1. How much space per residue, in cubic angstrom, does the convex hull of the C-alpha atoms of the chain take up?
2. If a cysteine in the chain has no other Cys Cβ under 4.7 Å from its own Cβ, put it on the list, ordered by number.
3. Please turn the phi angles of segment 179-185 into ³J(HN,Hα) values with the Karplus equation 6.51 cos²θ - 1.76 cosθ + 1.60 (θ = phi - 60°), one per residue in order, whole Hz, x for glycine and proline.
4. Measuring from centroid to centroid over Cα atoms, what is the spacing of segment 227-241 and segment 57-81 in Å?
5. Shape call for segment 272-326 from the C-alpha gyration tensor, a ≥ b ≥ c root eigenvalues: rounded (a/c under 1.5), prolate (a/b greater than b/c) or oblate?
6. Excluding same-chain residues fewer than 8 positions from K60, which aspartates and glutamates have a Cα within less than 16 Å of its Cα?
7. Relative contact order for segment 28-103: what percent, with Cα pairs under 8 Å and sequence separation of 6 or more?
8. At 0.36 nm per residue, minus the direct Cα-Cα distance, what do E96 and R215 gain on full extension? Give it in nm, one decimal, please.
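None of the figures in this text is laboratory data; all of them are computed from the coordinates on show. A quick note: this is a predicted structure, and the numbers were derived from the prediction, not measured. Cβ placement follows ideal geometry from the backbone for every residue including glycine, while neighbour counts extend to all protein chains displayed.
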Amino acid sequence: MIDAVRPSLKWRKLGKIFDPAGFALPNHCEQFAQAPQALVFEEFTRIYFSSRERDPRNGKYLSHVLFADFSKDFRHVIRVSDRSVIELGKLGCFDEHGIFPMNVLRHRGKIYGYTCGWSRRTSVSVETSVGLAVSDDDGLTFRKIGDGPILTSSLHEPFLVGDGFVLFHGDQFHMWYIFGTAWNRPAEHVAPERTYKIGHAVSRDGIAWEKEEARQIIADRLGSDESQALPTVVRIGARYHMIFCYRQSTDFRANKDRGYRLGHAWSGDLRQWTRDDAGVGIEVSVSGWDSDMLCYPNLFECDGRTYLLYNGNEFGRHGFGIAILE
């Protein structure tokens, strides 16, 4: 499975397992089921995702976190949440206009939810930060530890901190997250587009974090304008493997050749990473729901097997699928 010289992965796609169009979602959400994140229980697997509601005040989207419970073979949906698992932020807060994604992990009898909160701006479209919420009811609902973020913009990371993926290893928490490096306007009268890279931070308690400020840990493949998003990490054998998504920073919405693909890197110590996209082991399909784009991955282990959740075309508008490591 893992080559001793080249740590390649090989995935077998099991297909799309959730389409939001087939369910009556709460909060008037429809179409999107983005950034699936797994939490494994003894009898089922819960997959959290973000769906979208139209804000009646201006027609823009608000992202809400929901979940779907699956049988362990991922062939059957057992239950879909009838309400958002976490409330959006108060007026003026960092997560007022959406939460996307939310990474979940168990720690000392509780379930931690690391959120990416969205708030709208005037000169640019959005600002993001990372928040923390905790569940005491097996992940049905989450309570924020406060109204503000735990990881946000700083001196050398001035905007767009988000997409946190957290792993507890040894005696500390590790977070891989994204930080913005530029807002650029590709042409006059065109809305600015953002560029962001993957960074790393550590914490003793999961709340107070120490960033490796502005250190891009994953090398660019497409040049300095490459955007990298939603890192996810799992240990396989002696190495840690990261899968993330990356794209060009402009003309990526309608041009599939510039849209999201999945990238891969490996590490022996969680800090220094070697990029090896040839080892990712999964590509877009020839046709169908994931033929134009692969994005928003999540790695997890279930009953001794390693799985990969991901979104396909149109940033997850039509749901998410799953693959198993062979």
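1. Convex hull volume per residue, Cα atoms: 135 Å³.
2. C29, C93, C116, C302
3. With coefficients 6.51, -1.76 and 1.60, one gets 9, x, 10, 6, 10, 10, 9 Hz.
4. Taking the Cα centre of each part, segment 227-241 and segment 57-81 sit 24 Å apart.
5. oblate
6. Correct list for K60: E30, D95, E96, E127.
7. Result for segment 28-103 is 28 percent.
8. 40.0 nm
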